[in-house]
Amino acid sequence: MPVRVHVGPWYSTDEVYGDVLSGKHAESDPLRPSNPYSASKAASDMLILGWHRTHKVPFLIVRPTNNYGIDQYPEKLIPKAIKCLSLGKKIPLHGDGSYVRNWLHVEDTVSAILYLLEHGERNRIYNVSGNYEASNREVIQKVLNAYFGAPTDLERYVQFNFVRMGEDIRYSLDDSALRALGWNNTKLFDIELKAVVEYYKSRFVW
């Protein structure tokens, strides 16, 4: 009796490409992960491709940029910053805060995955980008401004020079293949960030 295999999306990450100083990574770019975490994701991607080639297992790999939103795990940059402010502690920031990330709201990520299940081509990879690019320093400045309701001195609340081994300088994805199918993100970073900050200010959940 033949085995029935259902296509399910594999949630990968932009980190599998490694960093890019200029331009954007396309789905066809080689994988050059910079640390064990991203290497494990890249290895999973390669296992899926191997299963497909050898055993014809169908697949759909989704590679999104940095996610943000309400109820995110507090080790991540934005909720960690709000947590530190709530506890009266300085926000730890890697290096000088110049590392650049591209931000995608979690609801847009879910929307993209569901859209691809309906409209995406099987057995291929899709990048998903929020198309909002900013340095970690810029993001923390926006968190501070939203938290205090006015422009706030960054240096007073941030502790720099925390070292993360294998840190990538910049991530950026070309998601034109997904957008050509008719999908677009709807969440605006500046608006959603204020909602996230207000949520955590009134709900101390850690």
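Every read-out reported here was derived from the displayed coordinates using simple, explicitly stated rules and does not represent laboratory data. Here the structure is a predicted model, which is why all the values come from computation and not from measurement. Don't worry about glycine lacking a Cβ; one is built from the backbone with ideal geometry, like all the others, and counts go over all protein chains shown.
Let me spell it out: the conditions are (1) surrounded by 19 or more Cβ atoms within 10 Å (Cβ to Cβ); (2) farther than 19 Å from LEU188 by Cβ; (3) among the hydroxyl-bearing types (Ser, Thr, Tyr), and TYR73 meets all of them except one. Which number is the exception?
Just one mismatch for TYR73, condition (1).
Has segment 19-36 got any residue that is in a helix (DSSP H, G or I) and surrounded by fewer than 15 Cβ atoms within 10 Å (Cβ to Cβ)?
Yes: one or more hits.
Among (1) under 30 Å from LYS194 (Cα atoms); (2) assigned to a strand (DSSP E or B), there is one condition ILE61 misses while meeting the rest; what is its number?
ILE61 satisfies all of (1) under 30 Å from LYS194 (Cα atoms); (2) assigned to a strand (DSSP E or B) except (1).
Here's a check for you: in segment 86-137, which residue that is closer than 28 Å to ILE169 by Cα and among the acidic types (Asp, Glu) is farthest from the chain's Cα centre (by Cα)?
If we take residues in segment 86-137 being closer than 28 Å to ILE169 by Cα and among the acidic types (Asp, Glu), then ASP96 is farthest from the chain's Cα centre (by Cα).
Given the conditions (1) surrounded by 15 or more Cβ atoms within 10 Å (Cβ to Cβ); (2) within 22 Å of TYR147 (Cα to Cα), which single one is not true for SER98?
Only one criterion in (1) surrounded by 15 or more Cβ atoms within 10 Å (Cβ to Cβ); (2) within 22 Å of TYR147 (Cα to Cα) is unmet by SER98, namely (1).
Within segment 65-103, can you find the residues that are in a helix (DSSP H, G or I) and closer than 13 Å to GLU138 by Cβ?
LEU77, ILE78, ALA81 - these are the residues of segment 65-103 that are in a helix (DSSP H, G or I) and closer than 13 Å to GLU138 by Cβ.
Can you give me the number of residues within segment 146-167 that are of a type in the set (Ser, Thr, Tyr) and closer than 16 Å to LYS80 by Cβ?
Qualifying residue count for the region: 2.
What tally of residues in segment 147-203 results from selecting those that are in contact (Cβ under 8 Å) with a residue 60 or more places away in the chain, surrounded by fewer than 15 Cβ atoms within 10 Å (Cβ to Cβ), assigned to a helix (DSSP H, G or I) and within 21 Å of the chain's Cα centre (by Cα)?
Count: 1.
With the condition kept exactly as written, say whether any residue in segment 42-51 is surrounded by fewer than 19 Cβ atoms within 10 Å (Cβ to Cβ), of a type in the set (Ser, Thr, Tyr) and under 17 Å from the mean Cα position of the chain (by Cα).
no
Anything in segment 104-146 that is surrounded by 15 or more Cβ atoms within 10 Å (Cβ to Cβ) and part of a strand (DSSP E or B)? List them, or say none.
Across segment 104-146, the qualifying residues are LEU104, HIS105, ILE125, TYR126, ASN127, VAL128, GLU133, ALA134, SER135.
Condition first: of a type in the set (Asp, Glu), on the phi < 0 side of the Ramachandran plot and without any contact (Cβ under 8 Å) to a residue 12 or more places away in the chain. Can you find one or more residues in segment 1-22 that meet it?
no
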